[in-house]
Structure formats: C-alpha cells, structure tokens
1. Any idea how many residues of segment 46-90 are closer than 23 Å to Y2 by Cα and more than 14 Å from the chain's Cα centre (by Cα)?
2. Among the numbered criteria (1) touching a Leu at 6+ places or on another chain (Cβ under 7 Å); (2) not in a loop (DSSP other than H, G, I, E, B), which one does L96 miss?
3. Limited to segment 125-148, what total is found for residues that are without any contact (Cβ under 8 Å) to a residue 60 or more places away in the chain and open to solvent by 70 Å² or more (accessible area, probe 1.4 Å)?
4. Name the residue that is modelled with the lowest pLDDT, counting only residues in segment 51-77 that are of a type in the set (G, A, S) and part of a loop (DSSP other than H, G, I, E, B).
5. Is it the case that I26 is more than 22 Å from K122 (Cα to Cα), of a type outside the set (S, T, N, Q), touching a residue at least 40 places away in the same chain (Cβ under 8 Å) and open to solvent by less than 50 Å² (accessible area, probe 1.4 Å)?
6. Looking at segment 77-106, I want the residues that are small (G, A, S) and have a partner that is not in a helix (DSSP H, G or I) with Cβ atoms under 6 Å, at least 6 apart or on another chain. Which pairs are those?
7. For segment 101-126, name all the residues that are part of a strand (DSSP E or B) and over 21 Å from G1 (Cα atoms).
8. Can you pull out every residue in segment 31-50 that is farther than 13 Å from G63 by Cβ, free of Cβ contacts under 8 Å to residues at least 40 places away in the same chain, of a type in the set (G, A, S) and not in a loop (DSSP other than H, G, I, E, B)?
Amino acid sequence: GYVGIVPNSYLRDLSLSERVCLWHEIVSNRFADVLVARRGGSAIEGFVAFGEAHGPCTKDGWGEIYALYVVPAEWSSGIGQTLWLSALRVMRAKRLGFVTLWVLVENKRGRRFYEAAGFRVKPGSERSFVLCEARIDEVQLVLDLASR
C-alpha cells in the first residue's frame, strides 16, 4: 500500500518476524485497541489500531488512530470503512471529543478516505522525518466527534 510513497528499500527490508513481535507487544500490553478484519476465517485483510491520543499536538479527551491498513487487494471493498466505524464506536463509548491521526502527505488515497470521514487538516501541523535517507512529509488530521 505504500509503494511509491516510502522508499522501496524500506519496504523491501521490512521483517515479518519483527512486525509479529511488535504487534504481539502492542496487543498483549494493551498499548492500543486493535480491531482486525477477516473474511471467512482467512488471513487478516485489514486492521485499525487506536486509543487515547498522546504527544504535544493533542489534549485530554482526544483519541488517535495510530494505524489503519487494508491490503491493496481489498481496497474499495468496505473493509476500511467498517474498521473506521467500529473504532469510532469504541471512541465514542469512551466519551472522547476529538480524534486525530497523522497521514503521509503523499498518501492521497488515505487522505481522501479520512477527509470523506470528516477529518480536516490541522493548520500548521505539517512535519517531516527521514526514512532511508528520504524526506517523508506528514500532516495531522482532526475530527470533532460532535460534528459526526
């Protein structure tokens, strides 16, 4: 899903065993709420990880989408929407007032998805980081749950 957005060398060097360990740690230590989408008991088709927002750009009462991913073969199937709406229900039940997330500027498909869900760019939130010697730009999006 990130081909052409992040360096190919980064994607090529991703380690399945390291990712499994990372997600095991996240789930077993409850660092995030994680919901997965599967069809008929098959492999995971997508997931969303979310929880209370953290970092200098957020406040108490804010939720954050840490990751929302759907395998490219399932894009436009409704899985992303289902995951997002399920996470939204949990965050509303926790009485959170706002939801935030960071999205890569070049992730145009992801940005369209979030903007269709009501997220808006937080002015002045653009930031960059370096990944495999490439500059990656991201922007913070915010959704006021009272408006949804």
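1. Within segment 46-90, residues that are closer than 23 Å to Y2 by Cα and more than 14 Å from the chain's Cα centre (by Cα) number 7.
2. L96 satisfies every listed condition except (2).
3. 7
4. Looking at the filtered set, the residue picked out is G55.
5. no
6. G80/V70; S86/L35; A87/V48; A87/F50; G97/G61
7. Initial filter on segment 101-126 (part of a strand (DSSP E or B)): 101-104, 120-121.
Selection gives R120, V121.
8. G46
The values are calculated or read from the model by the stated rules, or taken from the named source; none is laboratory data. Everything numeric here is computed off the predicted structure, so don't read it as measured data. Neighbour counts run over all protein chains shown; Cβ positions are idealised from the backbone, glycine included. Just so you know, the surface numbers come from the protein's heavy atoms only, side chains and all, with ligands and any DNA or RNA stripped out. Shrake-Rupley method; radii C 1.70, N 1.55, O 1.52, S 1.80 Å.
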